[in-house]
Amino acid sequence: MASVPVPALEARAVACADRLREADAVLHASHIDADGLTSGAIATTALRRADISVETVFEKQLDEAAIARMAATDFEVVLFTDFGSGQLDVIAEYEAEGAFTPVIADHHQPAGAGTDDRLDTEYHLNPLLEGIDGASELSGAGAAYLLARALAEVDGHDPRAENRDLAALAVVGAVGDMQASAGELTGANEAIVDEGVAAGVIETGRDLALYGKQTRPLPKLLEYASELQIPGISNDEGGSIRFLDGLDVDLKRDGEWRTWVDLEPEERKAVVSALVRRAVDRGVPASRIDGIVGTAYELAEELAGTELRDASEFSTLLNATARYERPDVGLAVCLGNRDGALTRARRLLANHRRNLSEGLNLVSREGVTSETHVQWFDAGDRIRETIVGIVAGMAMGTDGVDANKPIIAFADADEAETKVSARGSQALIRQGLDLSAAMTEAAKAVDGEGGGHDIAAGATIPEGMEAAFVENVDRIVGEQLG
């Protein structure tokens, strides 16, 4: 049996793997975001390699109705990845009735966390149970990877026989879950990166920390760089072009702008140095300037210049599938389909980008409402509830949106409910912000449900309770930040 790269979780991973091996067939349920899709692909691949029959399904939300549907099947074992810990109370009821045996590989707060009523189950793989931060040190895909390594057969020569090649998808999931937002992956994630590098499927290095280095022409790379706001360049097509034209570097080829990956190391260094000088001249805070360069994670076996080469771009491609009701397409891409599934994913990505752009324009036009400790906007039915959180995160720090306050976004959901998404920053986390706790408590106060991570969390509340929810979350965040 292969050893997992995080010793504290090894016993849990082994117990879960052993139970899965005893099953004739496994129903595997996973979340629909990039972390959930990569979790699903990792676990599906590992189960198939272990000759365990598996049926994989995806759920936008793991609620009581979804769990009841799973209990109504003939599967003896249900594997949950990237969710399940927060729904242990419901899952435990079906387990007690003998409906199925749950196996959970998750990184979210377990039900009842922080109280004497915290629940658990026999086969539960979660970093939080071993003192590892599930918001920054191990993602859902990382937990699924540890399970996959425990399911693997020892070979000593072939990374695929030991499932170490699946570290690439685990890194994509962690990056997609914002776990590299401080500039690099740390903790247990770093151990997985090391295995991926050793297996030849991950390449790392210091590089420009902007989204789109593989696919965007240089002017668009800088114009749309939400990670770094430089006056006269960011959100300014003409300004971005003038900045690049003013450099003593040939950034075009046959009259067309090159991409970042087309540049030689010295050319990249010249662009970064000029960006830093411009940022200093325009008064950009030093903390943001430091973020211009970070650790890049590339998938060594994917073609350079494509969305699949860069972990961040790969995760965005996946978000563009499941968030538009096509998790099957994202799963197929993760499982290696580079023909029809990738073509469909790219079409969905183009649509996703248009919707994000329209969402940002909406926030820019209408602005946000600022409370004492948080700010918020209500998109109604004008932004899909599956992407309103992404829009909120992208809006932080743009004109009219305070980067020093968490942002709360509302969007219409199904059945007279409102979807709530919240985003913070690493700086706010260091001050004590925990959006998971805030959303859970504020949602409970209005008969809703919430959860997530300290930097990004969500909730579902009854329609019409938005004002009361904002009042509660503003108070809670104020208490957290002191």
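Atom-type composition of the exposed protein surface of segment 397-482 places 43 percent of the accessible area on carbon and sulfur (1.4 angstrom probe). The slack in the chain from ASP447 to ALA403, taken as 0.36 nm per residue of separation less the alpha-carbon distance, amounts to 12.9 nm.
Here's how it looks for VAL26: its modeled amide H is under 5 Å from those of SER53, VAL54, GLU55, which are all 5 or more places away or on a different chain.
Looking at the square roots a ≥ b ≥ c of the eigenvalues of the Cα gyration tensor of the chain, which shape do they give, rounded for a/c under 1.5, prolate if a/b is larger than b/c, or oblate? Note, shape of the chain comes out oblate.
Of the residues LYS405, LYS269, LYS444, LYS252, the one with the largest accessible area comes first in the ranking LYS444, LYS269, LYS252, LYS405, computed with a 1.4 Å probe on protein heavy atoms.
Average 1/r across all pairs of distinct alpha carbons in segment 171-248, invert it, and you get the Kirkwood radius: 14.4 Å. Bridges between two residues of the chain, per DSSP, are antiparallel at a rate of about 60%. By the combined test of axial Cα extent (at least 30 Å) and Kyte-Doolittle hydropathy (mean at least -1.0), the qualifying DSSP H helices of the chain come to 340-366.
By the helix-only formula, in which each DSSP H run with n ≥ 4 contributes -39500 (n - 2.57) and the sum is divided by residues, the chain has a 222 nm mean residue ellipticity of -13000 deg cm²/dmol. Under 16 Å Cα-Cα from LYS419, which lysines qualify once same-chain neighbours fewer than 8 residues away are excluded? Filter leaves LYS60, LYS444.
When only C-alpha pairs under 8 Å and at least 6 residues apart count, what is the relative contact order of the chain, in percent? Worked out over the chain, it gives 12 percent.
Label separation (ASP328 vs VAL293): 4.7 nm, computed from points 7 Å beyond Cα along the C-beta direction. Ignoring ligands, DNA and RNA, what percent of the accessible area of segment 177-321 is carbon or sulfur (1.4 Å)? Ligands and nucleic acids excluded, carbon and sulfur reach 46 percent. Ranking PHE83, ALA350, LEU317 by how far each Cα lies toward the positive end of the dipole of the chain (charges on Cβ) leaves ALA350 at the top. Sparsely packed loop sites in segment 293-344 (the GluC sites (Glu not before Pro) outside DSSP H, G, I, E and B with at most 15 other Cβ atoms within 10 Å) comprise GLU301, GLU325. Of SER425, SER226, SER370, SER287, the order by accessible heavy-atom surface (1.4 Å probe, DNA, RNA and ligands excluded), from most exposed downward, is SER287, SER370, SER226, SER425. Surface analysis of the chain yields an accessible area of 42 Å² per residue, using protein heavy atoms and a 1.4 Å probe.
Normalised by residue number, the volume inside the convex hull of the Cα atoms of segment 36-146 is 103 Å³ per residue. Given a Förster distance of 30 angstrom, what is the FRET efficiency for GLU463 paired with ARG353, based on the Cβ-Cβ distance and rounded to 0.05? Result of the calculation: an efficiency of 0.55. Of the GluC sites (Glu not before Pro) found in segment 7-83, those in coil by DSSP whose Cβ has at most 12 other Cβ atoms within 10 Å are GLU22. A simple spin-label model places pseudo-atoms 7 Å from Cα toward Cβ; at GLU264 and ALA50 they are separated by 5.0 nm.
Only the Cβ atoms of Lys and Arg (+1) and of Asp and Glu (-1) were treated as charged; on that basis the dipole of the chain about its Cα centre amounts to roughly 1760 debye. Here's the list of lysines a cross-link from LYS220 could span, going by alpha-carbon distance under 22 Å and ignoring same-chain residues fewer than 8 apart: LYS252, LYS269.
The values are calculated or read from the model by the stated rules, or taken from the named source; none is laboratory data. Because the structure is predicted, anything quoted here is derived from the model rather than measured. Glycine also receives a Cβ, built like all others from the backbone with ideal geometry; neighbour counts cover every protein chain displayed. Remember, those area values only see protein heavy atoms, side chains included, never the ligands or the DNA or RNA. Shrake-Rupley method; radii C 1.70, N 1.55, O 1.52, S 1.80 Å.
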